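What follows is a short report on a single structure.
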Amino acid sequence: MPLLEIRNLHVEIDGKEILKGLDLTVNAGDVHAIMGPNGSGKSTLAYVLAGKAGYEPTAGTVLFDGRNIFDMEPDERAAAGLFLAFQYPLEIPGVATMTFLRTALNAQRKRRGEAELSTPEFLKKVREVAKKLGIEQDMLRRGVNVGFSGGEKKRNEILQMALLEPRLAVLDETDSGLDIDALKIASEGVNRLRGPTRSFVVITHYQRLLTYIVPDVVHVLSKGRIVRTGGKDLALELEARGYAQYQEEAAA
Amino acid sequence: MNVMADVKVMKTAAETALAQAYTQARPSLPGGSAIAAQRAAAFDVFAKEGLPHRRVEDWKYTDLRALMRDAKPLAAPPDAAAKARGKTAGALLGDVETRRLVFVDGAFVPELSDTASLEAGLAIDSLAAALADNDQDLAAHLGKLAPSSDVAVALNTALMGDGAVIRVAAGSTIERPLHLVFAASEKPAASFVRSLVVVEKGARVMLIESHEGPAGSEYQVNAALELFVGDEAHVDHVKIIGEGSDALHVSTLAAAIGARARFNTFTFTSGGAVVRNQLFLKFDGERTVANIRGATLLKGRQHADTTLVADHAARGCQSREVFKSVLDDEAHGVFQGRIIVRAGAQQTDAKMMTRALLLSDSGEADNKPELEIFADDVQCGHGATAGALDEELKFYLMARGIPAADAEALLIQAFLGEAVEGIEHAGLREALMEQIVAWLKARVGH
């Protein structure tokens, strides 16, 4: 059984159809890249999967580990192992990053019927992960993402992912706003988590990220549909030739 | 002769009862002839004005005449059962080590209070005792700060029965916070407490007031505190209004602050059916720094009004006003804040911010900030917001596995945090955050 199975997904935002019959199957352990021009529906797909209000389907099904995700609240999806790394991580003044991480981790564990982590266990885990991602202890004491640079916010998303250990991580343009060093650190963070039971959907506009996170499958999304699927070389081809041909095909 | 002016507005049941209470109690109220005259003058203010109502601008949102259906009889001296309530009251402070001064139904209870081995420079008396002793120092200070034209203050002056009289001598540092514990007993009654605190030059003290009583009892509290903060003194004041569900609570802080002093006041309001919290603060000396904050959490049909006047009468003072309220169900939160900068008070730096968070569609927040500036070299500003929880932030938290109710609780705590974090005493700050957490847990029914 595939980990994620999307069939004929249609989504309207403010009365305008953005996803127009999208199909996607992701097996456990696979890394899929979804590439496409601006406005093709990449971020919409990410929000639909995470369960943002206003991003409900008009048709189609999405099964995560065999369960219909549209019967699940965003927090249930997260506890089931679905993670979205936001394109624009939000700032939450007054909620310390540590409190946020601990509340999230323990809420997920509780829902899965697992024991909550003790304070020393939790601290040890966060420190290990933070160190690898070059996140200072001081940043963890501050409000979530408050005063963080764009790159720091993205690294904080990877930190959350590493801590929550999802089964499927959707990375929504994690490369945007990152310089080359930050891109490497974030990519290494992702690569450390790769394994036979964990899958990724890497949404990006540029091929650059995919030289660090090498995908198993590359899809081209255009005008709300997957219009081409190939191996990792497809990303290089897109880099060389652009998206123009797919936009024409989709329009035709 | 203007005949109309003499036509009395028909008295409400509460107004009639208050007038009767004063007439009956008058001979037995503590104090000599000078105090009796002060009481009579104050009563005249009430007799002329009646209870404040919505056409009185300062009471626009808290129509006491309409809200007070009746006036409860003056509380009798507490019996053993009543005193038992005083024993457990104030427990919400948790582990904070304080010197407790306990008042039940407005009367000082010495056997529950800790007045032994006072620190050097600290003097404590009860108002009733000080008035009976004809304390000259008391007479010199009492009624000097509380605005006599305010009807709530006038009623307090007319009917004050007991309270605390505290003096902190120049240069003394009182390490242990003083905790004035005000508890109401089961029997619904009215209490009028008046306290006086004089902190002399360079002295340092922390003063906590907590007000509580049984749920379901329609008792009435009118509490006033006059506070003199001397030059270079450092005073922290915290008031916790945790009255029972059906209580009417009106309280007033009137303070005069000297030069180069530090003054912090924080009000935490979560209890009572109707609450009016008044702060009249006067900056009398140069270069004083004051933090004036509050956090209010209301649900059901609770009504709480914070009315603040920060009067800058001296040069170079800095005041920061931060008031946050969280309103659920059909609760009504009111904030009226006025900053006055007198002509001579150049280089005043005053900034006021008030924010209301509405958790339901039927809650109401009224914010009325005012600036009256008569000096030309000042920095003053105010901001007011009212709104719902940020759905984007809530989604972000939920996307990390945090259930909706817990996500809301985290965001509400964060919202209030800005006000609560200003409390310098760590233990007290934590105790109040715990109160907030408990309130949030009760809200979602954990």
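Computed from the coordinates by the stated procedures, all read-outs in this text should not be read as laboratory data. Since this is a predicted model, take the numbers as computed values, not measurements. Ideal geometry is used to build each Cβ from the backbone, glycine not excepted, and the neighbour counts take in all protein chains shown.
Between region B:145-210 and region B:255-302, the alpha-carbon centres lie 14 Å apart. Extending 7 Å from the Cα toward the beta-carbon at both A:Lys110 and B:Arg26 defines two label points whose distance is 6.1 nm. The share of C-alpha pairs in region A:74-128 whose separation exceeds 14 Å stands at 62 percent. Inter-chain neighbour count for A:143-152: the average number of beta-carbon atoms from partner chains within 10 Å of each residue's beta-carbon is 1.
Each label point was placed 7 Å from the Cα along the Cα-to-Cβ direction; for A:Tyr206 and B:Ile373 their separation is 4.7 nm.
Hey, what's the Cα Rg ratio for region B:267-395 versus the globular rule of thumb, 2.2 N^0.38 Å? Present the calculation step by step, with values, prior to reporting the outcome.
On the way: Rg = 16.0 Å, N = 129, 2.2 N^0.38 = 13.9 Å.
For region B:267-395, the normalised Cα radius of gyration comes out at 1.15.
The chymotrypsin sites (Phe, Trp or Tyr not before Pro) of region B:20-68 include none that meets both conditions, a loop assignment by DSSP and at most 10 other Cβ atoms within 10 Å of the site Cβ. With viscosity set to 1.306 mPa s and temperature to 10 °C, compute the Stokes-Einstein D of region A:4-251, Rh being the Kirkwood radius across alpha carbon pairs; µm²/s, no decimals. In µm²/s, the coefficient rounds to 85.
Just tell me how shielded A:84-95 is by partners: mean number of partner chain Cβ atoms within 10 Å of each residue's Cβ, no decimals. Write down the numbers at each step before the final one.
Numbers: counts 4, 1, 3, 0, 2, 1, 6, 2, 7, 5, 11, 9.
Per residue, the average neighbour count from other chains is 4.
Against the empirical curve 2.2 N^0.38 Å, the C-alpha radius of gyration of region B:9-59 lands at a ratio of 1.29. The amide H of B:Lys282, built 1.01 Å from its N in the peptide plane, has B:Ala255, B:Ala256, B:Ile257, B:Asp311 as neighbours under 5 Å, considering only residues 5 or more places off or on other chains.
Computed from backbone phi with θ = phi - 60° and the Karplus coefficients 6.51, -1.76 and 1.60, the 3J(HN,Hα) list for region B:255-271 is 10, 10, 10, x, 7, 6, 9, 10, 9, 10, 10, 9, 10, 10, 10, 9, x Hz; x is used for glycine and proline. Connecting C-alpha atoms closer than 10 Å in a GNM of chain B, tell me which of B:Leu279, B:Leu92, B:Leu358 has the biggest fluctuation. Of the options given, B:Leu92 has the highest mean-square fluctuation.
Among the listed pairs B:Lys87/B:Lys144; B:Lys60/B:Lys324; B:Lys11/B:Lys282; A:Lys16/B:Lys394; B:Lys83/B:Lys201; B:Lys48/B:Lys201, those with a Cα-Cα distance over 30 Å are B:Lys87/B:Lys144; B:Lys11/B:Lys282; B:Lys83/B:Lys201; B:Lys48/B:Lys201. Compute the helix-to-body angle for A:150-164: its Cα long axis versus the longest principal axis of chain A, expressed 0 to 90° and rounded to tens. That works out to roughly 80 degrees. Panel order for A:Val146, B:Val151, by other beta carbons found within 10 Å of each beta carbon, from fewest to most: A:Val146, B:Val151.
Counting beta carbons within 10 Å around each of A:Tyr212, B:Tyr396 and listing the fewest first gives the order A:Tyr212, B:Tyr396. Post the alpha-carbon centroid distance, region A:130-145 to region A:49-121, in whole angstrom. Here the two parts' Cα centres lie 21 Å apart.
At 4 °C and 1.567 mPa s, what whole-number value in µm²/s does Stokes-Einstein give for the translational diffusion of region A:149-195, with Rh from the Kirkwood sum over Cα pairs?
My calculation gives 121 µm²/s for D.
Highest mobility in the GNM of chain A, judged by mean-square fluctuation with C-alpha springs under 10 Å and restricted to A:Gly15, A:Gly81, A:Gly177, is found for A:Gly15. Summing Lys, Arg as +1 and Asp, Glu as -1, what charge do residues with Cβ under 12 Å from the Cβ of A:Asn27 carry, A:Asn27 excluded? Net of charged neighbours comes to -2.
Highest mobility in the GNM of chain B, judged by mean-square fluctuation with C-alpha springs under 10 Å and restricted to B:Gln20, B:Gln435, B:Gln220, is found for B:Gln20.
So for chain B, averaging the separation of alpha carbon pairs under 8 Å that are six or more residues apart and normalising by length, what relative contact order in percent results?
Relative contact order comes out at 10 percent.
Working from the Cα coordinates of the protein assembly as shown, the gyration tensor eigenvalues give, after taking √(5λ), semi-axes of 61, 25, 24 Å in decreasing order.
Once the mean of 1/r is taken over each pair of separate Cα atoms and inverted, region B:268-317 shows a Kirkwood hydrodynamic radius of 12.6 Å. With bins 5 Å wide beginning at 0, the percent of Cα pairs of region B:10-285 falling in each bin runs 1, 6, 13, 18, 20, 18, 13, 7, 3, 0, 0. Once divided by 2.2 N^0.38 Å, the Cα radius of gyration of region B:207-259 becomes 1.41. Peptide A:49-62 has a mean of 2 when you count, residue by residue, the C-beta atoms of other protein chains within 10 Å of its C-beta. Here region A:161-220 and region B:70-95 have alpha carbon centers that stand 63 Å from each other. Remark on region B:390-446: Rg and Dmax equal 12.5, 35 Å (Cα only).
So what is the diffusion coefficient of region B:167-247 in µm² per second by Stokes-Einstein at 20 °C and 1.002 mPa s, using a Kirkwood Rh over Cα pairs? Please list the in-between numbers first.
On the way: Rh = 13.8 Å.
Answer, rounded: 156 µm²/s.
Report, in degrees rounded to the nearest 10, the 0 to 90 angle that the Cα long axis of helix A:97-111 makes with the longest principal axis of chain A. Helix A:97-111 sits roughly 70 degrees off the main axis of chain A.
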